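What follows is a single structure, written as structure tokens, with notes after it.
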């Protein structure tokens, strides 16, 4: 028997068939996520869920129509975002983690929804959630959305990206706690919704997904004469860490479109670490994934790559893809001596600062492509080293080793070299080039074991 695995990231929907018995990942496919809805407001990042649902159904039906041995469907999705619907909604939209409407000015004094929430909700009140108030947090953007709409109407519903798809496939709005927690509305230590905070925010009238900490059946997807079990959506970061081969005490540098540093630990360490930057997320088997997100990543470097692409288009009339540009950059090499050129890669929000990157200390001689990217890699290394030390202090344990996950760091040895130099830990690439699907493979094995126990009990 095989399982369909669907990983919905920021850029691609990746799918495959998983064979837990053999460990093989079969029939890999990848399609682009439908682009964000175009609008003048640059703070908004919304995706049409109807288009996304069509894509997911097409993927599922393609696999199911071709095989009769599919045991279940697994989802892993990007986190922090949400779908919010009301009886009057005309278009179901995913409010992405890249949305920052909570930073929109509310008045001439520069008050924002985020600053308003920071005044209303204390650090102590946020501790049970394991997260902190930040621009990407679902809680913050949901509050901004509801405030804009004038309150919560009867019949309002909240979904994670995955639970929305699960409801459309099965009729049941169910979410795994690893994906719910990054919304900022769960008590991660009880594995339940955080009722006191929900009431304080005025969200109590919203119908929330049913939470589960287990890989249980959420319902069934019926198509092509088959009835396939659907399992809850897991958070892509935790699933990636699982598939990367990290053990307790390892620190994982996960760098794709977004970037995170993660460390698996038994003890939640509530009260330790800086609550403005440091997160504790539920993991699997009762463990916790200590996480610092909004780290510099592939999208930060893409700012520089897109500049090169623009120069090519407008100056030379030549269009090169990002892939082609990266291939040419690899030929430039990279060294530690940037001749004084410095790059601050915070082109997007980072844990301790809003977006405010820079290229500095330019001289007549040092502004070269090699120096530019070497300086960018070194800056990223310094940022990661700083926050790995913060995590070490919070957890009270020096990491054993550093594991690189995600395409941006896996495919770029120059980034890895910069990180190794500044962090100073033994390092290795993750055990699989597709960490999320390998993580879902491990979850599929767990499901198989569960199902076998149930079968034996029934005999």
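Candidates are the residues of region 419-433 that are touching a residue at least 60 places away in the same chain (Cβ under 8 Å) and out of contact with any strand residue (DSSP E or B) (no Cβ under 7 Å at 6 or more places or on another chain); the one that is surrounded by the most Cβ atoms within 10 Å (Cβ to Cβ) is 432. For region 341-356, state whether one or more residues are touching a residue at least 12 places away in the same chain (Cβ under 8 Å) and over 30 Å from residue 100 (Cα atoms). For region 341-356, residues touching a residue at least 12 places away in the same chain (Cβ under 8 Å) and over 30 Å from residue 100 (Cα atoms): present. Before we move on, is residue 382 closer than 19 Å to residue 250 by Cβ and in the same structural domain as residue 304 (by TED's automatic domain parsing)? The answer is no for residue 382. From (1) loosely packed, with under 13 Cβ neighbours inside 10 Å; (2) farther than 18 Å from residue 378 by Cβ, pick out the condition that doesn't hold for residue 336. (2) is the only condition that residue 336 fails.
Selection over region 96-137 of residues that are within 25 Å of residue 38 (Cα to Cα) and in a helix (DSSP H, G or I) gives a count of 5. May I ask you to verify whether residue 29 is free of Cβ contacts under 8 Å to residues at least 24 places away in the same chain and assigned by TED's automatic domain parsing to the domain that holds residue 169? The answer is no for residue 29.
Restricting attention to region 342-376, the residues being surrounded by 13 or more Cβ atoms within 10 Å (Cβ to Cβ), over 30 Å from the mean Cα position of the chain (by Cα), modelled with pLDDT under 95 and not in a helix (DSSP H, G or I) number 3.
Count of region 212-247 residues, restricted to those that are surrounded by fewer than 20 Cβ atoms within 10 Å (Cβ to Cβ), more than 22 Å from residue 2 (Cβ to Cβ) and in contact with a strand residue (DSSP E or B) (Cβ under 6 Å, 6 or more places away or on another chain), is 1. Screening 64, 73 for residues that are closer than 20 Å to residue 13 by Cα, modelled with pLDDT of 95 or more, more than 16 Å from the chain's Cα centre (by Cα) and in a helix (DSSP H, G or I) leaves exactly one candidate, 64. The residue that is farthest from the chain's Cα centre (by Cα), among those in region 27-41 that are in a loop (DSSP other than H, G, I, E, B) and surrounded by fewer than 14 Cβ atoms within 10 Å (Cβ to Cβ), is 40. Only one of the listed residues (449, 409, 431) is outside any loop (DSSP other than H, G, I, E, B) and either at pLDDT 90 or above or under 30 Å from residue 217 (Cβ atoms) (or both). That residue is 449. Reported count of residues in region 290-308, each being in contact with a helix residue (DSSP H, G or I) (Cβ under 6 Å, 6 or more places away or on another chain) and either surrounded by fewer than 20 Cβ atoms within 10 Å (Cβ to Cβ) or more than 30 Å from residue 264 (Cβ to Cβ) (or both), is 2.
The values are calculated or read from the model by the stated rules, or taken from the named source; none is laboratory data. Keep in mind that this is a model prediction, so the values were computed, not measured. Backbone-built Cβ (ideal geometry, glycine too); neighbour counts: all protein chains shown.
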